[in-house]
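Heads up: the structure comes next, in structure tokens.
The values are calculated or read from the model by the stated rules, or taken from the named source; none is laboratory data. Worth saying up front: this structure is predicted, and the values here are computed from it rather than measured. Reconstructed Cβ throughout: ideal geometry from the backbone, glycine too, with neighbour counts over all protein chains shown.
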Amino acid sequence: MSILLMSKAFNAKRLTSTQKLLLLALADHANDEGNHVYPGQSRLMLKTSMSRTTVRDTLKALYDIDILQVVREATPSSSTEYRINTVKLDELVNLTDDDDPSLPTPPSSQNPPQQAQGEGRQPTQGHLPQEGRQPTLGRQTTQGEGRHATQGGSPNDPGRVASRPRIFN
């Protein structure tokens, strides 16, 4: 287990979260030089909670960007042996925003920009508040509903609003 490589994996830029997690799992099997990495796909699936397809695709992505190198292909009695390219990993750790754009950039996990109010989609008639009334959130109780809409309480102390039913005891 290489704490050094795990630390570098955490600080690597331009990797997706999936690539980072798998790289961390691989670094857990490596020495400080990035050698002797031979966990099987089943072990990686167990460590990362990823599906076999996701592990396979992410291994290929790390290979394609030269972070991961294949030392020896798998045989029926052994798994593939990998090497973590520490030089390339150091490059990703030391990147700044203005550095080489040819290095991989993960897809944006940010939400698309919000439209300004009043632009874009118009609300339908069912969503418009009635004239002179404020829009309300949630279920409104009326006098007489009492304990049906709330748990405990009285008309002077309505208690808390009923929540979803408990599934587990």
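Among the residues of region 65-98, the ones that are free of Cβ contacts under 8 Å to residues at least 40 places away in the same chain and out of contact with any Leu (no Cβ under 8 Å at 6 or more places or on another chain) come to 16 in all. Taking first residues from region 1-26 that are farther than 19 Å from Gln41 by Cα and buried (at least 19 other Cβ atoms within 10 Å of the Cβ) and partners that are of a type in the set (S, T, N, Q) and at pLDDT 90 or above, the Cβ contacts under 8 Å between residues at least 6 apart in sequence or on separate chains come to Ser2/Asn31; Leu5/Thr86; Lys8/Thr86. Looking across region 22-40, the residues that are under 21 Å from Pro76 (Cα atoms) and assigned to a loop (DSSP other than H, G, I, E, B) come down to His29, His36, Tyr38, Pro39, Gly40. Within region 41-55, the set of residues being under 19 Å from Ile67 (Cβ atoms) and not in a helix (DSSP H, G or I) comprises Met50 only. For region 68-85, a tally of residues being touching an Asp or Glu at 6+ places or on another chain (Cβ under 9 Å), loosely packed, with under 15 Cβ neighbours inside 10 Å and under 16 Å from Arg43 (Cα atoms) returns 1.
For region 27-51, the candidate set comprises residues that are hydrophobic (A, V, I, L, M, F, W, C) and buried (at least 17 other Cβ atoms within 10 Å of the Cβ); within that set, the residue that is nearest to Glu81 (Cα to Cα) is Val37.
For region 38-49, a residue qualifies if it is of a type in the set (A, V, I, L, M, F, W, C) and either modelled with pLDDT under 95 or out of contact with any Leu (no Cβ under 7 Å at 6 or more places or on another chain) (or both), and the qualifying residues are Met45, Leu46.
For region 1-35, enumerate the residues that are farther than 15 Å from Leu95 by Cα and of a type in the set (Lys, Arg). The one that is farther than 15 Å from Leu95 by Cα and of a type in the set (Lys, Arg): Lys20.
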